[in-house]
Each structure stands twice: as structure tokens, then as C-alpha cells.
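Heads up: the structure comes next, in C-alpha cells.
What follows draws every value from the coordinates through simple rules; no lab data is involved. Since this is a predicted model, take the numbers as computed values, not measurements. Cβ placement follows ideal geometry from the backbone for every residue including glycine, while neighbour counts extend to all protein chains displayed.
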Amino acid sequence: MQSTPAPSAALAPSLSPSLSPALTLLLATATGLAVASIYYVQPLLGLLASEFGVGSATVGLLPTLTQLGYGAAILLLSPLGDRFDRRRIIVTKAAALVAALLFAAAAPGFAALCAASVAIGLAGTLAQDLVPAAATLAPEAQRGKRVGQVMTGLLLGILLSRVASGAVAAVAGWRWVYGAAAVAVAALIPLLWRGLPRFVPATQAGYGSLLASMGALWMRHAALRRAALAQGLLSVAFSAFWSTLALVLAGPDFGQGSAVAGAFGLAGAAGALAAPLAGGIADRRGPQAVIRIGALLVLVAFCVEALAPASLWLLVAVAVVFDLGVQAALVSHQSVIYALDAASRSRLNAVLVSAMFAGMASGAALGSVLLAHLGWRAVPVLGAVAALGALAFTRRR
């Protein structure tokens, strides 16, 4: 087994930790816009199925392919943040994301949109370069809180992307969703180049050694394994709900359109606002209690949805509660892994988020299949089972 490349003192970041309020806001905004690109498609699924003449299971390929692209890039590209200047990586990925979004806006058919979805997923990993950058620049005693603040941007991007996507599509059509997103990301590129400091690499290992070292980190740190598996299962529940919501709302039980599906992001955003609070509690009291409570909230929310009568307001309440649980667990898991090895934060983050987005892709695929064959009640059952599994991992030592 190959050991993790050891950092040299000369390779530590050349700047002392410095994360001003303005830079924190920039990182949070950029993180939110980057990750939002992955989720714009979800409220559009009903419109896209109608325009391209495909069924619910087939149109479900779009979020699945996006999540798979994201997960693959996390695993294969994000570790480069420990090897090269993160500022250059961030700016390069931002430019690639602009190109992918424009390709989606101009896609002439369903196959082209599938290809664009993969490209958006690959470039959208920009968000996961920004979070380790924040962890590196933040003072150690406040790392959980500062990372939580940047994660608020990420989580609001995930959730409010649906609001923006549904609203824009209802007024101007789905192509404008991707076009406007491309403009927003492009506007951030010069700000990121000027605002971010230069990061000196933490290792000089080659690409192959860098990838192999992630296996060594996985074997070395039981806490990393528990965090990745638990958050991956919570992500199955998260993605199964949000990937099928537009189709569920458009069905006979609810009869709602894309604008209502997008507006559900406002409900989930309430949970995202708890990220800095969860990070602060993890700094003071330790993250394990926050993780367990988060997994329990997800379990309870999906059990209620599976058993209670169909209600639009119940769906809103479920979105608030389970999003709060998922986001609190994620921020606390990040506090755990960033404390394991300061020189390997990009790789540690890559392992955690790869597991998370493997869960996202699985949740999107399973949710679509269950909805098509068993009806919408099967989706919260899947979420409850996944949350129960995550809760079991949080209790292991």
C-alpha cells in the first residue's frame, strides 16, 4: 500500500491564514453559483420530457449523468488542488463551466443535452476546490465556522437553483436558465483571479501517486470511511427527493408546474442557513452529536412523508427538516476530515464528496425508477432506508 505523500515545510501555503469577510462572501457566492449549475435541470424535467418526447425514466438520465460527471471529476481532478496552485485551477474550471452551460443552452436534441449535463458535472467541481481553499485560509480555531459560511453558499446554491430555474423557465423557457447561469459564472472569473491569493502546493507528488494516496488515506483514517459512507447514504435520500420532485408535483396527486417545483428550494434553504451554526457547534462541542442528530432528522422526515396523507404543505415541511439534517451532517463531516491531515485536504475532500455524489447519482437513478414503477410513495421509503443506514454508520467507532 502506497503511503500518502508527505508534505514539506517549504510547500506549505506561502500566506498565513487570512479569510476576510469580503473574501468569504466571494468564495460563498462562487461556490453557490458553481454547484447550482448541477441542479438547474431538476425543476425542468417535466418540460424537457415533453419537449424531447421522452419518458420519466429516460429524462431522469439528465440529473444522473450530471451527478456522475461531478463525482468522477471530484475523484480524478479535485486532488490536483494539493499539487497545483488552487487559484489557477479555480479560474480554469470556472471558464470550462461557462462553456458547458452555453453548450446546454444551445443543445439541439436530448443526446446533446445529455453530453452537456456530463460536462456541467465535470466543471461544476469548481465548488469543491473553493471549499478546501476556505479551509486553508481560515484560522484553525474558527475553521468549522468559516467553512460553514462558505458551505452556506454551496447549500443555498443547491436549493435556490431550483427556485431560479423554475421561475426563469416559466417566463422565458429552459434554454434561458443555462444562458443566464453562464453569464453569472463568467462575471465571477476576474473577481476570483484578483481576490484569491496564490496557493503553494502541499505536495510535489505525481498525478498517479496523488490518486493512489487517496486509497492510503481511506485505509489509514477510519473517521474518513465513516464520514464518506454516512454522507453518501444521506445523499441518496437527498437526491431521490429533489430529482423526482418536479415529476411528483406534476402528477395527479398535486398537479403543479415547474415554478412550484422550483419554489420548493425556498423551503430547503432554511436548512442551509444552519450550516454556520452547525460548524460553530462542531468547533466547540465536537461534530459527532451534530452528525447523529442530522441523520435522525432525515430519517424522521422521510418516515412521515411515506406514511402521512398526500399534502403539499407536508412536502414543504419534509424539505425543511431533511435538508437541515443533511446539511448539518455534511458541515460536521467536513470538520472531521479537515482535521485529519492539513496537507491532504483536497484529497480528503475528494474522497468525502466522491462518496456523496455517488450517493447523489444513485439516488437520482433509483428515485426515477421507483417513481416510474411503484409511484411516489416509494421515494420517501428509499430515503428512510438510506437515512437509517447513515445513522448506523454514525454510531460505529
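Here are a few things to note about the model shown:
- Most mobile of L188, L352, L126 in a GNM of the chain (Cα contacts under 10 Å): L188
- Mean silhouette area of the stretch 18-394, derived from the convex hull of its C-alpha atoms and averaged over all directions, reads 16.3 nm².
- Under Karplus coefficients 6.51, -1.76 and 1.60, residue-wise ³J(HN,Hα) of the stretch 327-340 in Hz, glycine/proline x: 6, 4, 5, 5, 4, 5, 4, 5, 4, 5, 6, 5, 7, 6
- L126 sits among other residues whose Cβ lies under 14 Å from its own Cβ, and their net charge, with Lys and Arg +1 and Asp and Glu -1, is +3.
- The peptide list 312-322, 355-365, put in order of mean Cβ contacts within 10 Å with the highest first, becomes 355-365, 312-322.
- Helical contribution to [θ] at 222 nm, DSSP H n ≥ 4, -39,500 (n - 2.57), averaged over the chain, rounded to 500: -26000 deg cm²/dmol
- Among T394, F322, V177 - extreme Cα towards positive end, dipole of the chain, charges at beta-carbon: T394
- Cα-projected label distance for R194 with V316, points at 7 Å along beta-carbon direction, nm: 4.2
- Our coupling estimate for the stretch 186-193, obtained by passing each phi through the Karplus curve with A = 6.51, B = -1.76, C = 1.60 and θ = phi - 60°, is 4, 5, 7, 4, x, 5, 5, 5 Hz, Gly and Pro reported as x.
- Distance between modelled label sites at H373 and A99, nm, 7 Å Cα→Cβ extension: 3.9
- In terms of overall dimensions, the stretch 88-150 has a Cα radius of gyration and Dmax of 15.6, 51 angstrom.
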